[in-house]
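Right, one structure below, let's go through it.
The values are calculated or read from the model by the stated rules, or taken from the named source; none is laboratory data. This structure is a prediction, so every number in the text was calculated from the model and none was measured. Every residue, glycine as well, gets a Cβ built from its backbone with ideal geometry; the counts of neighbours run over all protein chains shown.
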Amino acid sequence: MTQKILITILFGLFLSSCEEKEKLNSLDKNSEVNEWNIEKLSIRANEHLDSTKWDLVLLSQDIETYNTYSEIFQSYPLNKSPFPVAEYDYAVSSIPFSIAIDTAVFKGVRIGEYETPESEKIIDKLTLMILTNDKDAVENTMVDSRNYPYLTAQGMFKVSNNEFDWVFSASPDGFSTLLINMKLFDLRFGETIIIYPQTDKSFLYEQIKDSPNNYKDFEDFQQSIIANPKVKKRLIAQRT
């Protein structure tokens, strides 16, 4: 099952698929993700070191998938090599999107986790947007459940005059970070990041305390971003 899902993810990177979802068996299906604390995280870390708790079937599938698609995995900011983990039950999501504002185009991606592996509800943890002014700009994302209960993802944006590599990590205790072209964002101060590439290859940015989680529909979130005075100001500056 995992191999099939990973292949779907890989093809989705090229076909702009809307999301990917992973579901695996758990040793403790009654545990609540939101109840993680330092003691439970320590226990989980030790489980990963205990070979008797490893999911060897999953590891074998990962090794086979990596050998088949190693070139794709190696193209990301961080190579995704196979490694053993204790059994887990976790579903993650990656949803690409674009927003057009007059002649401006934002390419973006939403990274999140399903409320439970059986649920259809997604809890967004990061919304990353880059002003490209090019609807055909390249965006590739890989979201990974292997670090459960931590959510991890990485990707790249190729715009007309630059390339942006990024790595994201969210801890179940609420501490999340995004590293993009070596700029670190502490997402406790805002889970929506907007990047504005400049002609001299530098970039400006906004960090907004907002998230699609706060809206019934993603379109409402988009309208909020479009109406944001800081975003409007940046767009005006970009045109001059």
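See the values below:
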| quantity | calculated |
| --- | --- |
| Residues of the stretch 133-170 that turn out to be modelled with pLDDT under 95 and outside any strand (DSSP E or B), as a count | 7 |
| The listed residue being over 20 Å from the mean Cα position of the chain (by Cα), in the same structural domain as ILE194 (by TED's automatic domain parsing), surrounded by 14 or more Cβ atoms within 10 Å (Cβ to Cβ) and not polar (S, T, N, Q), out of ALA104, ALA86, ALA100 | ALA104 |
| Top-ranked residue in the stretch 148-171 [being touching a strand residue (DSSP E or B) at 6+ places or on another chain (Cβ under 8 Å) and more than 22 Å from VAL105 (Cα to Cα); ranked as surrounded by the fewest Cβ atoms within 10 Å (Cβ to Cβ)] | VAL167 |
| Close pairs from the stretch 39-63: first under 16 Å from ASN147 (Cα atoms), partner hydroxyl-bearing (Ser, Thr, Tyr) and part of a helix (DSSP H, G or I), Cβ under 6 Å, at least 6 apart | LEU58/THR2 |
| Subset of the stretch 217-240 [under 16 Å from ILE95 (Cβ atoms) and either among the basic types (Lys, Arg) or outside any loop (DSSP other than H, G, I, E, B) (or both)] | PHE218, GLU219, ASP220, PHE221, GLN222, ILE225 |
| Considering residues of the stretch 203-216 that are in a loop (DSSP other than H, G, I, E, B) and at pLDDT 95 or above only, the residue nearest to ARG188 (Cα to Cα) | LYS209 |
| Residue in the stretch 181-202 that is part of a helix (DSSP H, G or I), in contact with a Ser or Thr (Cβ under 9 Å, 6 or more places away or on another chain), within 23 Å of GLU113 (Cα to Cα) and not aliphatic (A, V, I, L, M) present | yes |
